[in-house]
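Q: Below: one structure in structure tokens.
The values are calculated or read from the model by the stated rules, or taken from the named source; none is laboratory data. Values in this document were obtained by computation on a predicted structure and should not be read as measured data. Every residue, glycine among them, receives a Cβ derived from its backbone with ideal geometry; neighbour counts consider all protein chains shown. The accessibility values were calculated without ligands, DNA or RNA, using every heavy atom of the protein model including side chains. Shrake-Rupley method; radii C 1.70, N 1.55, O 1.52, S 1.80 Å.
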Amino acid sequence: MTDWLKKIKTGETRKVEFKAELPQGGQLAKTAVAFANGAGGDILLGVDDSGSIAGLSDEQLADYPDKISGKIFDAIRPSLIPEIFSVNKRGKTILVARIHPGHAKPYFVQAEGDSEGVYVRVGATNKKADRPMLIELARQSKNISFDEEIAYDKPLNHLDLDSFPDEYKRYSGESLEPPQLENLRLIKP
């Protein structure tokens, strides 16, 4: 169970953002994109930037979940659906919009486009992703680790594999031929 008071006392972080009220403009979408492109995070509505719990009115508690879901779903591509729930602390109720880490990265603010609208979380702030970060996010969405990335500009006959099979055999006791290189995901046809 999450200790919400401790989380609030710690302040805004890479995975926590405070909003006293429902943000206007694209700020909510930028934060949701940054969380989805990273490790996920919680947007706490009813908590101001200093960590003071103001809470939300009954009207806001009834109105905000649909507005939050709609704003995030409509403004972000690929689409995101936040998990929204309320938490009561010190007699005041806050809303939590939980954004899970996305699997279809890079996520972006649709109005800004698929290269300019990509944000990542750096500390407690949202930053526009640069070109190398866009490439990294796209690689992550394909579930390819950095060392499995294909070097398309290197055909097999240009790779220097002369000493590698000997070293592999010395450590593993097995021969290394192209089929084994494919099985180990060291080469791809």
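Q: Please state which one of Val118, Val96, Val122 is in contact with a strand residue (DSSP E or B) (Cβ under 8 Å, 6 or more places away or on another chain) and over 28 Å from Ala62 (Cβ atoms).
A: Every option except Val118 fails the conditions.
Q: Further, regarding this structure: Kindly establish whether Phe18 is touching a strand residue (DSSP E or B) at 6+ places or on another chain (Cβ under 6 Å) and open to solvent by 10 Å² or more (accessible area, probe 1.4 Å).
A: Judged against the criteria, Phe18 is not a match.
Q: Is there any pair with a first residue in the stretch 161-188 that is at positive phi and a second that is surrounded by fewer than 13 Cβ atoms within 10 Å (Cβ to Cβ) whose Cβ atoms are under 8 Å apart and which are 6 or more apart or on different chains, and what are they?
A: Correct list of pairs: Arg185/Glu148.
Q: Residues Lys9, Lys30, Lys15: which one is over 22 Å from Asn88 (Cβ atoms) and touching a residue at least 24 places away in the same chain (Cβ under 8 Å)?
A: Lys30
Q: Within the stretch 48-82, can you find the residues that are open to solvent by less than 60 Å² (accessible area, probe 1.4 Å), among the aliphatic types (A, V, I, L, M) and within 24 Å of Pro106 (Cα to Cα)?
A: Ile68, Ile72, Ala75, Ile76, Leu80
Q: Related question: From Ile84, Ile94, which residue is touching a Lys or Arg at 6+ places or on another chain (Cβ under 9 Å) and not in a loop (DSSP other than H, G, I, E, B)?
A: Just a single option satisfies the conditions, and that option is Ile84.
Q: Turning to a different aspect of this structure: Return the residue satisfying two criteria in turn: it lies in the stretch 105-123 and is under 14 Å from the mean Cα position of the chain (by Cα) and exposed (fewer than 15 other Cβ atoms within 10 Å of the Cβ), and of such residues it is farthest from Glu12 (Cα to Cα).
A: By that ranking, first place goes to Val122.
Q: Here's a check for you: in the stretch 83-93, which residue that is in contact with a helix residue (DSSP H, G or I) (Cβ under 7 Å, 6 or more places away or on another chain) and touching a residue at least 24 places away in the same chain (Cβ under 8 Å) is least open to solvent (accessible area, probe 1.4 Å)?
A: So the residue we want is Val87.
Q: Yes or no: Val96 surrounded by fewer than 15 Cβ atoms within 10 Å (Cβ to Cβ), of a type in the set (Val, Ile, Thr) and under 29 Å from Lys9 (Cα atoms)?
A: Considered against the rule, which asks whether it is surrounded by fewer than 15 Cβ atoms within 10 Å (Cβ to Cβ), of a type in the set (Val, Ile, Thr) and under 29 Å from Lys9 (Cα atoms), Val96 comes out as no.
Q: Evaluate the stretch 149-157: report whether one residue or more is among the acidic types (Asp, Glu) and surrounded by 11 or more Cβ atoms within 10 Å (Cβ to Cβ).
A: The answer is yes; a qualifying residue exists.
Q: Something else now. Could you grab me the full set of residues in the stretch 89-108 that are more than 16 Å from Ile72 (Cβ to Cβ) and among the small types (Gly, Ala, Ser)?
A: Gly91
Q: Moving on to the next point. Please give the number of the condition Gly25 fails out of (1) closer than 22 Å to Pro106 by Cβ; (2) touching an Asp or Glu at 6+ places or on another chain (Cβ under 7 Å).
A: (2)
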